[in-house]
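> Right, I'll just put the structure down here and ask away after.
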Amino acid sequence: MSGRPTTRRRALALLAFAPAAARPALAGRPATVDPSIVAAAERALALRDEAVRRGDQPYGAVVVKDGRIVGEGVSAVVTSRDPDAHAERVALRDAAARLSTADLSGCVLVGTSRACGACADAAFRARISRLWHGTPPVDDGPPRPSA
């Protein structure tokens, strides 16, 4: 097996960075995914597009509690010259500020891509219950602490 990505993986990778208008509708998503998670994934994609328009990395994330978005994050690593301004951590900080607590128990984090180790660790420390990424949303399970 060669190290080259398959045609399907290449197509999926290109689709992940396509503008919102070019992405197919989420009609084929699994029926088991909560509609609020699907809506959150779509909002995360819009935030990712905003990050790109601002000249930043193509990432967006939202925090959801009880079916509603309580935190949003746009990648600001490049534009703010802050290596910690990943969309997921910006969304966690926004949710903590809006909810007036650092304990985000009962919340889920939905991002445009799988959370990096530092973001997953931040989600674990914030007590996020589950991580989701992509469209259609993929359940990454509960965040785990870094080694």
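> Given R₀ = 22 Å, what would the calculated FRET efficiency be for Phe124 paired with Ala97, taking r from the Cβ atoms and rounding to 0.05?
Numbers: r = 19 Å, r/R0 = 0.88.
Calculated value: 0.70.
> If one computes the Cα centroid of segment 57-93 and of segment 95-114, what distance in Å separates the two points?
Measuring centre to centre over Cα atoms gives 10 Å.
> Please give the peptides 68-74, 52-58, 124-130 ranked by average Cβ packing (other Cβ atoms within 10 Å per residue), highest first, as a rough proxy for protection. Intermediate values should be presented prior to the final figure.
Values: 68-74: 20.6, 52-58: 14.4, 124-130: 17.6.
Ranking the peptides 68-74, 52-58, 124-130 by packing returns 68-74, 124-130, 52-58.
> So, one more: Using the Kirkwood radius over C-alpha pairs as Rh, can you work out the diffusion coefficient of segment 55-147 via Stokes-Einstein at 4 °C, viscosity 1.567 mPa s, in µm² per second?
Working: Rh = 12.7 Å.
Rounded to a whole number, D works out at 102 µm²/s.
> Indicate the gyration tensor shape class of segment 31-104 (rounded, prolate or oblate), computed on the Cα atoms with a ≥ b ≥ c the square roots of the eigenvalues: a/c under 1.5 is rounded; otherwise a/b larger than b/c is prolate and the rest oblate. Walk me through the numbers on the way to the answer.
Details: a/c = 2.90, a/b = 1.31, b/c = 2.21.
Judged from the Cα gyration tensor, segment 31-104 comes out oblate (a/c at least 1.5, b/c at or above a/b).
> Taking the Cα centre as origin and putting +1 on Lys and Arg beta-carbons and -1 on Asp and Glu beta-carbons, what dipole magnitude results for segment 40-123, to the nearest 20 debye?
Details: 11 positive and 12 negative charges, 23 e Å.
With Lys and Arg at +1 and Asp and Glu at -1, about 120 debye.
> Something else now. Rounded to whole Hz and in sequence order, give me ³J(HN,Hα) for segment 37-50 from the Karplus expression 6.51 cos²θ - 1.76 cosθ + 1.60, θ = phi - 60°, writing x for Gly and Pro.
6, 4, 5, 5, 5, 5, 5, 4, 5, 5, 5, 4, 4, 5
> Collect residues whose amide H, placed 1.01 Å from N in the peptide plane, falls under 5 Å from the amide H of Asp140; neighbours closer than 5 in sequence don't count.
Those qualifying (amide H under 5 Å, at least 5 residues apart or on another chain) are Leu131, Trp132, His133.
> Please list, in order along segment 102-112, the HN-Hα scalar couplings obtained from phi with the Karplus expression 6.51 cos²θ - 1.76 cosθ + 1.60 (θ = phi - 60°), rounded to whole Hz, x for Gly and Pro.
7, 8, 9, 4, x, 9, 10, 10, 10, x, 6
> Quick query: amide H of Thr112 versus all other amide H atoms, modeled in the peptide plane; which residues come in under 5 Å with a sequence gap of 5 or more or a different chain?
Gly60, Gly134
A short reminder: the numbers here are calculations on the coordinates, not readings from a lab. Remember, predicted model here, so these are calculated numbers, not experimental data. Note that we place each Cβ from the backbone using ideal geometry, even for glycine, and neighbour counts take in every protein chain shown.
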